[in-house]
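To start, the structure itself, in structure tokens.
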Amino acid sequence: MKIVTENPGFYVLFIKRFLCLITFLLCIILCKVSVSAEDKSDYRNIFVLGINKPLSNADVNTLSPVFAYYYINKDLQNDLYLFFTVKTTSAYLIFGEKNEKYFTGIKPFFNYLVYGAYHSYTNGVNDDRRCLNSSNAGVEIFYEYMPVKYFKAGVSYYPGYYWYWRKKRSDFLFTRQDDTEIVLPGNHMEHTGVFDITISNVEKKDMDRIKNGFILQGISKYSYRHGYGTFYDTNEAEDSSISRTLKNYFNAGCYYNFENNVNLMLDLSAACHRNTDRNNSDQIGSYISDNGVMPGYYWGEFYHNRYIITRIQTGLPLFFYAARIQPGFNILYMPEKNGVRGADNYPRTIYRSVSVELSLKAGGVLPLYFDYAYGIDARRVNSSDGTEKKGNHEFMFYAVAAF
């Protein structure tokens, strides 16, 4: 076994793998402090612990930890609001003023493992030569205005400093990787402004598992990278010196709760981006993506400047431990022509998956979630034996504790 320690990415990788090993032990501990809650916002402390694991014919199926801690304080004088969270890859603090009409404040960020250019998949095989690690830190300023019921408009500005380091060859624990060979971008400042409009009358209950109503949301995000230089990919891909990027998102949801809490849910998310390269593009696929969630595929399996994801689900109550089962069907559409520099055109324009979520309260108190999805159109090549097979399984388990 060869373990490389002279690179800071090694320590991040070590922490991720160590979290995987202690996840289940921590879940057992959390059972002792968990409280059954219809509305988790009534609690000051919330823990989320779990794992995400793909399983396919590919020779590498990396396990990822899922971790989050939230501290919420809404009881400060004069409508002051305090929120702190630590997640698997980031940490931030919100301090501001919040009432029925507006919400404003500052949000210091530290994203200690940002997955820019982190994957380069072809049929489930990752090209480690094109992968790199990055981080950023800064302070976001934001303002949200709620003039009438069901309507919200928000603006934010985030000046962040971004820095990069190479991945080093390692066979450590659950993953294998080779050295980064591409030239890294220059460390740089990035200025990001966001405008968000949301219309929503969604009502939630039963740990947010049951929804009723509709939501429409539009988001426009403009970024300027100063000092980025040129992102040199491989000889086969186009080098990028993009400094200005515009990303537009549209999300819509329609939910109806029938008698006996049979819940029908329809979600649609779409994106249209201009001037993106592989280092700042959305990474589409998997339950754990920030944008472009497509269950049943690898995290970051697809890079595309335009996509639409449609998801239909049905929630059904079960007879034990307040359990619910939620089967679903998911469709990802990406136009044939890909506008992301350094990314490939994909062999299909439509990718499908089936998914199911089982949730319950263990012992009547501890919320547990078991998610499964199968990527119907995923292609997986095993580079060890040369076989190619269709399909990818994705498993995710997590527990929630609040007190």
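The values are calculated or read from the model by the stated rules, or taken from the named source; none is laboratory data. Predicted, not measured: the structure shown is a model, and the values here were computed from it. Every residue, glycine among them, receives a Cβ derived from its backbone with ideal geometry; neighbour counts consider all protein chains shown. Only protein heavy atoms, including side chains, enter the accessible area calculation; ligands, DNA and RNA are left aside. Shrake-Rupley method; radii C 1.70, N 1.55, O 1.52, S 1.80 Å.
Details
- Residue check for residue 259: open to solvent by 50 Å² or more (accessible area, probe 1.4 Å) and either in contact (Cβ under 8 Å) with a residue 24 or more places away in the chain or on the phi < 0 side of the Ramachandran plot (or both): yes
- Taking residues in the range 169-189 that are under 21 Å from residue 53 (Cα atoms) and of a type in the set (A, V, I, L, M), and partners anywhere that are at pLDDT below 70 and not in a loop (DSSP other than H, G, I, E, B), the pairs with Cβ atoms closer than 6 Å and at least 6 places apart or on different chains are 173/17.
- Residue, nearest to residue 330 (Cα to Cα), within the range 380-403, restricted to residues that are open to solvent by 60 Å² or more (accessible area, probe 1.4 Å) and assigned to a strand (DSSP E or B): 393
- Pairing each residue of the range 364-381 that is under 16 Å from residue 397 (Cβ atoms) and modelled with pLDDT of 95 or more with any residue that is among the β-branched types (Val, Ile, Thr) and open to solvent by less than 40 Å² (accessible area, probe 1.4 Å), provided the two are 6+ apart or on different chains, yields no C-beta distance under 7 Å.
- The range 141-152 residues that are part of a loop (DSSP other than H, G, I, E, B), paired with ones that are open to solvent by 90 Å² or more (accessible area, probe 1.4 Å) (beta carbon under 8 Å, 6 or more apart): 146/100; 146/101; 147/101
- Among the residues of the range 156-191, those identified as open to solvent by 70 Å² or more (accessible area, probe 1.4 Å) and assigned to a strand (DSSP E or B) are 157, 161, 163, 166.
- Pairs with Cβ under 8 Å, 6+ apart, first in the range 119-131 and free of Cβ contacts under 8 Å to residues at least 40 places away in the same chain and of a type in the set (Ser, Thr, Tyr), second surrounded by 16 or more Cβ atoms within 10 Å (Cβ to Cβ) and not in a strand (DSSP E or B): none
- Members of the range 254-287 that are part of a strand (DSSP E or B) and over 21 Å from residue 310 (Cβ atoms): 274, 277
- Matching entry among 336, 357 (being free of Cβ contacts under 8 Å to residues at least 24 places away in the same chain and either within 25 Å of residue 67 (Cβ to Cβ) or out of contact with any helix residue (DSSP H, G or I) (no Cβ under 6 Å at 6 or more places or on another chain) (or both)): 336
- Which numbered condition residue 100 misses (of (1) in contact with a strand residue (DSSP E or B) (Cβ under 7 Å, 6 or more places away or on another chain); (2) at pLDDT below 95; (3) open to solvent by 60 Å² or more (accessible area, probe 1.4 Å)): (1)
- Residue match in the range 361-371 (condition: in a strand (DSSP E or B), touching a strand residue (DSSP E or B) at 6+ places or on another chain (Cβ under 7 Å) and open to solvent by 40 Å² or more (accessible area, probe 1.4 Å)): yes
- Residue count for the range 230-254, restricted to those that are at pLDDT 95 or above, out of contact with any Phe, Trp or Tyr (no Cβ under 7 Å at 6 or more places or on another chain) and over 19 Å from residue 118 (Cβ atoms): 5
- Unmet criterion (only one of (1) over 24 Å from residue 252 (Cα atoms); (2) within 22 Å of the chain's Cα centre (by Cα)) for residue 350: (1)
- Residues (in contact (Cβ under 8 Å) with a residue 40 or more places away in the chain, assigned to a strand (DSSP E or B), open to solvent by 50 Å² or more (accessible area, probe 1.4 Å) and not polar (S, T, N, Q)) located in the range 212-253: 214
- Taken over the range 112-155, the criterion of being of a type in the set (S, T, N, Q), open to solvent by 30 Å² or more (accessible area, probe 1.4 Å) and at negative phi is satisfied by 122, 126.
- Selection status of residue 309, open to solvent by 50 Å² or more (accessible area, probe 1.4 Å), under 20 Å from the mean Cα position of the chain (by Cα) and either modelled with pLDDT under 95 or not polar (S, T, N, Q) (or both): no
- Pick from the range 312-340, criterion of a type in the set (A, V, I, L, M, F, W, C) and open to solvent by less than 20 Å² (accessible area, probe 1.4 Å), ranking: nearest to the chain's Cα centre (by Cα): 332
- Criterion: aliphatic (A, V, I, L, M), within 20 Å of residue 330 (Cα to Cα) and open to solvent by less than 40 Å² (accessible area, probe 1.4 Å) - qualifying residue of 207, 265: 265
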